[in-house]
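Q: There's a structure below that I have some questions on.
Values in this text are rule-based calculations from the coordinates and carry no lab data. Since the structure is predicted, the reported quantities are computational estimates derived from the model, not experimental observations. Heads up, the Cβs are rebuilt from the backbone with ideal geometry, glycines too, and the neighbour counts pull from every protein chain shown.
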């Protein structure tokens, strides 16, 4: 087990990824469709999008309730996005994941990345069977910061990283 999600049940499943896997994905893929990106600046998805954009990623908002987020055109679905998508970063309830995975397969995405707390093993299996890489119960911002030196007091204030024993 490693990193900030060391206690995740995913770490003992067939969907565990290594730090090396996640580092390779972060280096290789730069076009990220963020499903469930919120226009609310206090939501974790909003902060993650700002962080990723500041570090050279193209973030494409996917939220049917919004027209624009962070100066980027917002799309109602993955299939509405023009051009290829590398990573589908999911900020939705686990019950929404199967449909998102099906759209990810349809658009030819390379990676399905489920954020912290988003776990859906059947959908992850479907994605893998279709040739997509799967990262589950991990945060792209935290993983990027772990590998590239951006984990600061802001990361500690989330409650995800703590000096206290559980």
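Q: Compute the distance from the alpha-carbon center of the range 32-102 to that of the range 128-146, in whole Å.
A: If you average the Cα positions of each part, the centres end up 15 Å apart.
Q: Could you list 107, 60 in order of exposure, starting from the residue whose Cβ has the fewest other Cβ atoms within 10 Å? Display every interim value, and only then the final one.
A: Details: 107 16, 60 25.
In order of increasing Cβ crowding within 10 Å: 107, 60.
Q: Here is a follow-up. When ranked by the protection proxy of mean other Cβ atoms within 10 Å per residue, highest first, what sequence do the peptides 63-69, 137-143 form? Numbers along the way, then the final one.
A: Values: 63-69: 13.9, 137-143: 23.3.
Highest to lowest by the protection proxy: 137-143, 63-69.
Q: Take every Cα pair under 8 Å in the range 19-61 that's 6+ residues apart, average their separations, divide by the length, and report that relative contact order as a whole percent. Mind dumping the intermediate values first?
A: Working: 34 pairs, mean separation 19.0, N = 43.
It comes to 44 percent, rounded to a whole number.
Q: Which whole-number percentage describes the relative contact order of the range 14-149, with Cα contacts under 8 Å and a sequence gap of 6 or more? Don't jump to the answer; show the numbers that get you there.
A: Numbers: 241 pairs, mean separation 31.9, N = 136.
Relative contact order for the range 14-149 comes out at 23 percent.
Q: Now a separate question. Evaluate E = 1/(1 + (r/R0)^6) for residue 53 and residue 125, where r is the Cβ-Cβ distance and R0 equals 22 Å; express this FRET efficiency to the nearest 0.05. Spell out each step's value before the answer.
A: Working: r = 31 Å, r/R0 = 1.42.
It comes out at approximately 0.10.
Q: Dimensions of the range 14-149 along principal axes (Cα, Å, largest first)?
A: 37, 34, 26
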